[in-house]
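Q: Would you mind keeping the following structure in view while I ask a few things?
The values are calculated or read from the model by the stated rules, or taken from the named source; none is laboratory data. These numbers come from a predicted model, not from an experiment. Cβ sites come from the backbone with ideal geometry, for glycine too, and all protein chains shown count toward neighbours. Heads up: the accessible areas ignore ligands, DNA and RNA and are worked out on the full protein's heavy atoms, side chains in. Shrake-Rupley method; radii C 1.70, N 1.55, O 1.52, S 1.80 Å.
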Amino acid sequence: MDMQTKPSRPHWYELYLQPCVAELLGTALFVFIGCLSVLKDSKDTGLLQPALVHGLALGPIITIMEGI
C-alpha cells in the first residue's frame, strides 16, 4: 500500500508573523548601530566611519536573518 500523505502547511506564525518580526528586528539593529556610529564620530574619520559601520552591519544582519 502506497499511501501518500499531504505535506503539512506551515503555521500562520511562520507565514506572516515571523517575517515581520525579523524585518523589524533587522531594521532596528541597522538603525541603532548606525546611530551609535554617528554619536562617537571623531574629526579624523569624517563620513567614512558611519558609511563603514552601515556597510559592515549589513553582513551579520543578513546572515542572522537569512533563514527567516
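Q: Which pairs have Cβ atoms under 9 Å, sit 6 or more apart or on different chains, and link a residue in the stretch 42-58 that is of a type in the set (A, V, I, L, M) and modelled with pLDDT under 80 to one that is assigned to a helix (DSSP H, G or I) and open to solvent by 60 Å² or more (accessible area, probe 1.4 Å)?
A: From the stretch 42-58, no pairs qualify.
Q: Any residue at all in the stretch 5-21 that is touching a Gly at 6+ places or on another chain (Cβ under 7 Å) and modelled with pLDDT of 80 or more? Outline the logic, then answer.
A: Going residue by residue through the stretch 5-21, those that are touching a Gly at 6+ places or on another chain (Cβ under 7 Å) are none.
No, that holds for no residue.
Q: If you don't mind, another one. Out of the stretch 21-68, which residues are part of a loop (DSSP other than H, G, I, E, B) and more than 13 Å from the chain's Cα centre (by Cα)?
A: Scanning the stretch 21-68 gives LYS40, ASP41, SER42, LYS43, ASP44, THR45, GLY46, LEU47.
Q: Still on this model: Within the stretch 4-17, is even one residue open to solvent by 70 Å² or more (accessible area, probe 1.4 Å), assigned to a loop (DSSP other than H, G, I, E, B), among the β-branched types (Val, Ile, Thr) and without any contact (Cβ under 8 Å) to a residue 24 or more places away in the chain?
A: yes
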